[in-house]
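The values are calculated or read from the model by the stated rules, or taken from the named source; none is laboratory data. Predicted model, so just to flag it, every value in this text is computed and none were measured. We place every Cβ from the backbone using ideal geometry, glycine too, and count neighbours over all the protein chains shown.
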Amino acid sequence: MLKAVLLDISGVLSEDGEALPGAVEAVARLQSSGLALRFLTNTSRKTSAAVRDELQRLGFAPAPEQVFTAPGAIRRYLERSGLRPYLLIHERLEPEFAGLPCEKPNAVVLGDAEQRLDYAHLDEAFQLLLEGAPLLAVGTNRYFRQSGTLHLDAGPFVRALEYAAGIEAKVLGKPASDFFHAVLDDIGVAPGEALMVGDDVECDVIAAMELGLQACLIRSGKYCGGMRRGRRRHAARRAWPSWSIRCWRRARRGCHLSNSTCSRYDSNVSQRGSYRSVIFMAMKT
Ligand SMILES: [Mg+2]
């Protein structure tokens, strides 16, 4: 029995600051269905508060406790561990870490810092890693989609520092199991009782399936561009045979959504061309 739905935000509910067609209505129906909903994101160019504000502006109306961000998870980890971070993050994310002691840093926090991801800053982080500081990453996403094109995300820079320093980053957003478990624990459901909906085949879908969640790949956001070539295409092909539209229909019944609501969501997005095809449902077999 499905009890909870975890929704990725970027590329699933919104893109470039606009709600995707049909998404607001579908989320409203989910909110009223009695299912527990949580909104998840690895975005590291906005604070948790800014993410909540944008969802509100777009009409999704989440309660504050329904939004889980990777930067928020990193802040909680730093506080629990008593670490002083060297923040290699986007300037708009700085308020997320306000009030934390940052002098004589003993941890490196790496996010999508955009222009700050230059040699000088990366080398400064590298020096700290050599001294034993842990590398805390928002995620390992390879890229994100903005204004119709794909752009480098934090993942490639995480891998570069790991390679240089011979260490392994602690990832605190998706696809880390700790992130998913924190959300499930907050709701109070088992992995098999939750559905993850995302547009990233690796960080959303495969990561969730490996933890025992059901998962749904939405063909919007980064999905289209990411399927053109390379490992993601291979990963998706590898995963698809175990997915079944029948599972999607079964989950729909389980979450008490009417067929008309789901069909309307599908057809709306298809008609307007924001999604290239229907929603695929995945279930671990
Ligand atoms: Mg996404």
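Observations on the model:
- Test: residue in the stretch 11-31 that is in contact (Cβ under 8 Å) with a residue 60 or more places away in the chain, under 13 Å from the mean Cα position of the chain (by Cα) and in the same structural domain as D200 (by TED's automatic domain parsing): yes
- Residue count, the stretch 179-204 (criterion: touching a helix residue (DSSP H, G or I) at 6+ places or on another chain (Cβ under 7 Å) and under 14 Å from Y143 (Cβ atoms)): 3
- Qualifying positions in the stretch 108-150 - part of a loop (DSSP other than H, G, I, E, B) and either among the hydrophobic types (A, V, I, L, M, F, W, C) or closer than 21 Å to E79 by Cβ (or both): G111, A113, L117, G132, A133, P134, V138, G139
- Here H90 meets each of (1) farther than 24 Å from L172 by Cβ; (2) assigned by TED's automatic domain parsing to the domain that holds G132 with one exception, condition (1).
- Note on the stretch 206-219: residues that are within 11 Å of the ligand (Cβ to nearest atom) and surrounded by fewer than 24 Cβ atoms within 10 Å (Cβ to Cβ) amount to 0.
- Qualifying residue in the stretch 186-205 (condition: surrounded by fewer than 23 Cβ atoms within 10 Å (Cβ to Cβ), within 12 Å of the ligand (Cβ to nearest atom) and not in a loop (DSSP other than H, G, I, E, B)): yes
- Among residues of the stretch 153-182, those that are over 12 Å from the mean Cα position of the chain (by Cα), within 15 Å of the ligand (Cβ to nearest atom) and hydrophobic (A, V, I, L, M, F, W, C), counted: 1
- Criterion: among the acidic types (D, E), surrounded by 20 or more Cβ atoms within 10 Å (Cβ to Cβ) and modelled with pLDDT of 90 or more - qualifying residue of D153, D123: D153
- Restricting attention to the stretch 1-25 and to residues that are more than 16 Å from the ligand (Cβ to nearest atom) and at pLDDT below 90, the residue that is nearest to A207 (Cα to Cα) turns out to be L2.
- For P64, the conditions (1) modelled with pLDDT of 95 or more; (2) more than 17 Å from R45 (Cβ to Cβ) all hold with the exception of (1).
- Of all residues making up the stretch 163-183, the number that are part of a helix (DSSP H, G or I) and closer than 11 Å to A208 by Cα: 4
- The set of residues in the stretch 110-138 being touching a residue at least 40 places away in the same chain (Cβ under 8 Å) and on the phi > 0 side of the Ramachandran plot consists of E114 alone.
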